[in-house]
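Colleague: Attaching a single structure in structure tokens format; questions to follow.
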Amino acid sequence: MRWGAGEAQFVRPVHGLILMHDGRTIPGQVLGLVSDNTTRGHRFMSTGMLTIARAEAYEAVLEKQGHVIACFPTSAAP
């Protein structure tokens with residue numbers, strides 16, 4: 001799947017961009033997306049936007065609040 005009119009390709013559409021170091025959001029823009037500290041969880045099981053307070057908390061917030069396992073080897077395990 002191509003992203004916009006550019007050459008970037010991804011398996012799924014890109015909807016957001018998080019750039020963080022510790023608890024600081026790093027300003028930036030990639031593929032027309034502006035970085036912030038929010039993301040979405042599972043489309044049916046999550047209750048909406050999730051705020052990431054610290055970079056280290058990303059996986060835990062997604063798993064506990066968003067019902068998404070961000071670590072591919074863990075999510076693909078039998």
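Where a number appears in this text, it was derived from the coordinates with a stated rule and is not lab data. None of these values were measured; they are calculated from a predicted model. Note that we place each Cβ from the backbone using ideal geometry, even for glycine, and neighbour counts take in every protein chain shown.
Colleague: Give me the distance in nm between label points sitting 7 Å out from Cα along the Cα-to-Cβ direction at residue 70 and residue 12, one decimal.
Modeller: Result for the modelled spin labels: 1.3 nm.
Colleague: Let me ask something additional. What shape does the chain take by its C-alpha gyration tensor, where a ≥ b ≥ c are the square roots of the eigenvalues and a/c under 1.5 counts as rounded, a/b above b/c as prolate, and the rest as oblate?
Modeller: oblate
Colleague: Using amide H atoms built 1.01 Å from N in the peptide plane, name the residues 5+ places from residue 68, or on other chains, whose amide H lies under 5 Å from its own.
Modeller: When sequence neighbours closer than 5 places are left aside, the close amide H contacts are 42, 63.
Colleague: Still on this structure: Tell me the label-point distance for the pair residue 21, residue 57, using the 7 Å Cα-to-Cβ offset, in nm and rounded to one decimal.
Modeller: 2.0 nm
Colleague: Moving to a separate point now. Kindly provide the trypsin sites (Lys or Arg not before Pro) of region 1-51 that DSSP labels as loop, not H, G, I, E or B, and whose Cβ sees at most 16 other Cβ atoms within 10 Å.
Modeller: Here the trypsin sites (Lys or Arg not before Pro) that fit, given the DSSP loop and packing criteria, are 43.
Colleague: Which cross-chain or sequence-distant (5 or more) residues have an amide H under 5 Å from the amide H of residue 20, H modelled 1.01 Å from N in plane?
Modeller: 26
Colleague: Let me ask another. Out of the chymotrypsin sites (Phe, Trp or Tyr not before Pro) in region 1-77, which ones are loop residues according to DSSP with at most 14 other C-beta atoms within 10 Å?
Modeller: 10, 44
Colleague: Ok, one more. Which value in nm describes the separation of the simple spin-label points at residue 42 and residue 77, placed 7 Å from the Cα toward the beta carbon?
Modeller: Here the answer is 1.7 nm between the modelled labels.
Colleague: Another question, if that's okay. Of the beta bridges DSSP finds with both residues in the chain, what % are antiparallel, to the nearest 5?
Modeller: 90 percent
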